[in-house]
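Heads up, the thing below is written out as structure tokens.
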Amino acid sequence: MRIAVAGGTGTVGRHVVAIARERGHDVVSLSRAEGVDLLTGRGLDHALQDVETVIDVSGIQAMSTKKAVDFFTHATQNLMAAEKKAGVKHHVALSIVGIDQANSGLYAGKLVQEDEVRHGGIPWTLLRSTQFHEFVPMSIKAASVGPLLFVPTMVTQPVAAKEVAAALVDAAEHAPQGRIPDLGGPRTEQLKSLVAAYLAKTRQKKRIVPLHVPGPMGKAMRTGALIPAPGSAVGRQTFLEWLEAMEEGGRQRPGEGRAANPGAW
């Protein structure tokens with residue numbers, strides 16, 4: 001099958017591309033680095049030639065609700081319009097667990113994206129996942145001010161990005177299913193504990209300052225509204241196992257990772 005991956009160079013996208021190719025699919029990655037711009041539509045028509053399925057894991061680094069909503073509105077509309085012209089048969093999209101409970105920032109953008117997918121005229125499958133393990137180093141980089149590290153009070157159930165990618169490729173290999181069961185990691189954790197473990201493993205000396213995030217987003221983070229409901233799909237790799245694998249592989253050094261919205265996944 002010929003599969004296009006929107007956001008194919010990102011945290012999950014690179015795994016989607018690799019897994020799909022390992023399974024024998026013909027894969028094209030859609031990113032600005034590869035001449036495709038979802039916001040303007042540049043390069044989409046050419047890139048989607050003969051594509052049967054699109055997996056959309058594109059994203060934006062934005063704390064602004066307006067920026068997130070604008071991005072996902074225009075990017076998804078452009079992508080799906082190009083899919084219609086190309087005769088794409090299946091659109092697979094990645095979203096976030098709990099976005100109904102925290103309609104701001106990135107989460108508001110993802111809600112808009114889901115709506116565009118449902119009404120875009122292409123048969124679809126939608127997977128919501130929790131934050132990835134990589135969210136922890138990203139949040140450390142974003143929330144550090146000198147020796148201080150501001151960590152939101154948050155209940156989380158992080159999942160391996162590679163396992164999310166595998167679930168998306170699985171979905172692409174089946175007929176469109178609508179919304180499929182949410183996917184979370186194997187353990188419910190406090191973000192502060194994960195941050196402390198990462199700092200210890202990477203030998204970073206920072207003082208953790210608890211941060212009380214106001215509004216619906218903060219409430220959702222504190223109450224566990226951003227973790228999957230019982231009966232959801234569960235990944236295998238724990239955060240600590242990911243941390244050990246990261247150290248052994250030497251792929252990530254202290255402080256690496258893109259900046260992220262502390263409420264993002």
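Here the simple spin-label model places points 7 Å from the Cα toward Cβ, and for ARG23 and ILE208 these points are separated by 3.6 nm. A straight line joining the Cα centroids of region 1-77 and region 136-207 runs 21 Å.
With unit charges on the beta carbon (Lys/Arg positive, Asp/Glu negative), name the residue among THR40, GLY215, GLN113 whose Cα is farthest towards the positive pole of the charge dipole of the chain. Result: GLY215, furthest along the dipole toward the positive end.
Computed from backbone phi, the HN-Hα couplings of region 102-119 come to 9, 7, 8, x, 4, 5, 5, x, 5, 4, 4, 4, 4, 5, 4, 5, 4, 10 Hz, rounded to whole numbers (Karplus: 6.51 cos²θ - 1.76 cosθ + 1.60, θ = phi - 60°; Gly and Pro given as x).
Prolate is the label for region 1-123, because a/c, from the alpha-carbon gyration tensor with a ≥ b ≥ c as root eigenvalues, is 1.5 or above and a/b exceeds b/c. Using the structure shown, select from LYS141/LYS192; LYS110/LYS219; LYS67/LYS201; LYS67/LYS141; LYS85/LYS162 the pairs with a Cα to Cα distance greater than 25 angstrom. In this structure, LYS67/LYS201; LYS85/LYS162 exceed 25 Å between Cα atoms.
Each of ILE122, GLN49, SER193 was scored by the projection of its Cα onto the charge dipole of the chain, and the greatest displacement toward the positive side belongs to SER193; charges sit on the C-beta of Lys, Arg, Asp and Glu.
Only the coordinates and a few stated rules stand behind these numbers; no lab work does. The shown structure was predicted, so the numbers you read here are calculated from the model rather than taken from an experiment. Quick reminder, even Gly has a Cβ in these numbers, built from the backbone with ideal geometry, and neighbours come from all protein chains shown.
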